1. Please give the total accessible area that chains B and A bury against each other, computed with a 1.4 Å probe and expressed in Å² to the nearest 100.
2. Diagonalise the Cα gyration tensor of region B:1-74 and give the resulting equivalent ellipsoid semi-axes, square root of 5 times each eigenvalue, largest first, whole Å.
3. With the other protein chains left in place, how much accessible area per residue, in square angstrom, belongs to the protein assembly as shown at a 1.4 angstrom probe?
4. List the residues of region A:36-53 that lose 50 Å² or more of accessible area once all protein chains are present, compared with their chain alone (1.4 Å probe, heavy atoms only, no ligands or nucleic acids).
5. Report for chain B the percent antiparallel among DSSP-assigned beta bridges with both residues inside it, nearest 5.
6. Anything losing 40 Å² or more of accessible area from the isolated chain to the full protein assembly: pick those residues out of region B:71-111, probe 1.4 Å, ligands and DNA/RNA ignored.
7. Want the number for A:N27 to A:K56: 0.36 nm per residue separation, take away the alpha-carbon distance, what's left?
8. Projecting each Cα onto the charge dipole of the protein assembly as shown (Lys/Arg +1, Asp/Glu -1 at the beta carbon, about the Cα centre), which of A:T108, A:Q76, B:Q17 comes out farthest on the positive side?
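The values are calculated or read from the model by the stated rules, or taken from the named source; none is laboratory data. Keep in mind the model is a prediction, meaning the values are calculated, not measured. Quick reminder, even Gly has a Cβ in these numbers, built from the backbone with ideal geometry, and neighbours come from all protein chains shown. Accessible surface areas use protein heavy atoms only, side chains included; no ligands, DNA or RNA. Shrake-Rupley method; radii C 1.70, N 1.55, O 1.52, S 1.80 Å.
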Amino acid sequence: GESVGLHLPTLSVQEGDNSIINCAYSNSASDYFIWYKQESGKGPQFIIDIRSNMDKRQGQRVTVLLNKTVKHLSLQIAATQPGDSAVYFCAENMGSPGSYIPTFGRGTSLIVHP
Amino acid sequence: NAGVTQTPKFQVLKTGQSMTLQCAQDMNHNSMYWYRQDPGMGLRLIYYSASEGTTDKGEVPNGYNVSRLNKREFSLRLESAAPSQTSVYFCASSGLQETQYFGPGTRLLVL
């Protein structure tokens, strides 16, 4: 079956730098995408989402970009902090509102050096 | 609100033993999910329940059963545990906004 994948399994950055985490998805029918953050020993936590009718969405220090042409998703974290160190997952959702079934990628480990 | 709670936090089983993982949410969500997460892997869906009274298989349902006891609770049962079921199990729920909220996980070791 189709699945979500990540280009970089580990990303190391310096505190204060901007981080970009990439994700490729396979199913062109996917219409809802979510980024999650998972800290060690904890469950995934929602960061930001985007629907397929949008190209960009901004949150606090985070921006998600969606390129449907090449089926690519990215998460940008501005002024990365040590507390941002975690594994980041993207998830694509297929189905219809109210019955989405997500598929998760393997995750990218972000390491922030002080 | 406690969000999504899971019990137990840790469990060690011997091959062939059975156990039930409990999950409850207090956000009045319709949908609930069970995932497993293995080292270096993403989350894989075991079973989900789109609403009270319904359950459906996910990507890796073999060896598991589920019960949607009521709107709040969704349990996962291992009838005869195998070492391949050693994993971290996460329960999640979602409402109309589709965003999934995850519990803290249950770490299971099958010897």
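1. Numbers: alone 5950 and 6180 Å², together 10630 Å².
About 1500 Å² of accessible surface is lost on pairing.
2. Values: eigenvalues 85, 45, 36 Å².
Rounded to whole Å, the semi-axes are 21, 15, 13.
3. Values: 10630 Å² over 225 residues.
On a per-residue basis, the protein assembly as shown sits at 47 Å².
4. A:P44
5. Numbers: 34 of 38 bridges.
The antiparallel fraction comes to roughly 90 percent.
6. Residues meeting the cut-off: B:E98, B:T99, B:Q100, B:F102.
7. On the way: separation 29, 0.36 × 29 = 10.44 nm, distance 1.91 nm.
The A:N27-A:K56 span can extend by a further 8.5 nm.
8. Result: B:Q17.
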